[in-house]
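What follows is a single structure, written as structure tokens, with notes after it.
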Amino acid sequence: MPLAEFALTGVLDLAKGVPHLRAQQAAHRWERYATTSVRGRRAVVVGLGSIGRETVRLLDAVGLDVVGVGRPGRTYDVPGAARVVSTDELDEVLPGAEVVVLATPLTEETNGLLSRARIDALPAGAILVNVARGQVVDEAALVDALASGHLGGAALDVFEVEPLPASSPLWDMANVIVSPHSASTLVSENAALVDLFIDNLRRFLGGRPLRNTYDATRGY
């Protein structure tokens, strides 16, 4: 799943100091440096649909201790998660989250979910990955936390305003990966969409349930 792969890429890129290496390479500078390990770090994955569950699996595979966060009142089977809580418990798990991955749909409940107060509650040096929607995060608070060094970095595929305005400070931050809402786009995407359409057409004609349907009550 490409969005889960992007989440893993962002975590490894920032944790292993790839922006620093790029800067050193550009300057033709050979200097030893110390990096950090992701093994044993606490990750919180918010949103446990197919993208969130795959993200949990990948982060667990490289040694992170993963907490999954789902909707209240729901039960989840999430292989790789050390435990699963609901968004009602988000304020309890964020202070220990060295990595936060947002993989939720945008709904009334998730709009502004990662507020300034919740960003401030994250431990110093935490990494944020957003493959949800830009409006799930207080972007101004995110910029402030990145600029101050409170957050160690961010890998962002989505933003409050898209395309991201040229005036946004996020463009020029060395500890930020800016993806133009394209992390899910594969070179094989058109073929996959055609296959899905044909399969759904056959299902429709045969009176069988369709795949990837929109639920108006949930908003996604």
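The values are calculated or read from the model by the stated rules, or taken from the named source; none is laboratory data. Here the structure is a predicted model, which is why all the values come from computation and not from measurement. No Cβ is skipped: glycine too gets one built from the backbone with ideal geometry, and neighbour counts run over all protein chains shown. For the accessible areas, the whole protein counts, side chains as well, though only heavy atoms, and no ligand, DNA or RNA atoms are used. Shrake-Rupley method; radii C 1.70, N 1.55, O 1.52, S 1.80 Å.
For the chain, with all protein chains in place and a probe radius of 1.4 Å, 53% of the accessible heavy-atom surface sits on carbon or sulfur. Would you look at the GNM of the chain, springs on alpha carbons closer than 10 Å, and say which of L196, L146, L94 moves the most? For the chain, modelled as a Gaussian network with Cα springs under 10 Å, the answer is L196. Residues in the stretch 106-136 near a label at D144, defined as backbone nitrogen under 15 Å from the 7 Å Cα→Cβ point? Label zone hits: 114-122. With axes computed from alpha carbons, what is the tilt in degrees of helix 139-148 against the longest principal axis of the chain, rounded to the nearest 10 within 0 to 90? Taking the Cα atoms of the chain, the angle to 139-148 is about 30 degrees. Given +1 at the Cβ of Lys and Arg, -1 at the Cβ of Asp and Glu and no other charges, the dipole of the chain around its Cα centre is 620 debye to the nearest 20.
Spread over its residues, the convex hull of the C-alpha atoms of the stretch 18-171 is 126 Å³ per residue.
Would you please classify the overall shape of the stretch 40-121 from the alpha carbon gyration tensor, given that a ≥ b ≥ c denote the square roots of the eigenvalues, rounded means a/c under 1.5, and beyond that prolate means a/b larger than b/c while oblate covers the rest? Oblate. Heavy-atom accessible area, probed at 1.4 angstrom with all protein chains present, ranks F204, F159 as F204, F159, highest first. Take the Cα of M1, step 7 Å toward its Cβ, do the same at T107, and the gap between the two points is 1.6 nm.
Working from Cα positions, state the angle (0 to 90°, nearest 10) between the long axis of helix 189-205 and the longest principal axis of the chain. Here the helix axis deviates by roughly 20 degrees.
Working note: 222 nm ellipticity from helices only, DSSP H runs with n ≥ 4, each -39,500 (n - 2.57), summed and divided by the residues of the chain, gives -9500 deg cm²/dmol to the nearest 500.
Solvent exposure of E139, expressed as accessible area, is near 30 Å², computed with a probe of 1.4 Å over the protein chains only. Axis angle, to the nearest 10 degrees, between helix 2-15 and the longest C-alpha principal axis of the chain: 10 degrees. Summing Cβ point charges (Lys, Arg +1; Asp, Glu -1) relative to the Cα centre of the stretch 42-131 gives a dipole of roughly 160 debye. Please give the FRET efficiency for Y33 paired with A166, using the beta carbon to beta carbon distance and R0 = 25 Å, rounded to the nearest 0.05. Working from the Cβ atoms, E equals 0.20.
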